[in-house]
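Just so it is clear, none of the values below were taken in a lab; they were calculated from the coordinates. All values reported here derive from a predicted model rather than from experimental measurement. For neighbour counting, all protein chains shown are included, and Cβ atoms are generated from backbone atoms with ideal geometry for every residue, glycine included.
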Amino acid sequence: TDLQVTGVIDFAAEVALDGSDTIENKHGKKDLILIDWKRKGHEERKNGHRKNRKQLQVYKYLLEKNYPKDFRVAQMFLVYMHPSLDDYKMEVVEADDEAAKNLLIWDRRQQEFPGML
């Protein structure tokens, strides 16, 4: 069955992380940064923090799995903006491919066997 994943990456950019003029890294892949921004205040951010991190980790996993010769996600960031915050908050999201893979496997099983898990 096809996996049903919802959501969008708010911003993805090809970058030259080594300071060179080329966006291809030493493996011939393009380095990407992913940025997901949320319009949430402090309490909302605290409550949705784990979900937001997992979402970016899944995007990374899917991009690299489906385009292994083309891309490498080098960095990921969550950016929170809200009128109740004095300034925007930016957090680095660490890669966790194994957790993302397990989350997708669990989601697929829920779709195949609804109510069983």
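Numbers at a glance
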{"item": "Label point distance in nm, residue 98-residue 51, each placed 7 Å from Cα along Cα→Cβ", "result": "2.6"}
{"item": "Entries of 30/65; 54/101; 30/60; 38/69; 60/101; 40/101 with Cα pairs more than 20 Å apart", "result": "38/69; 40/101"}
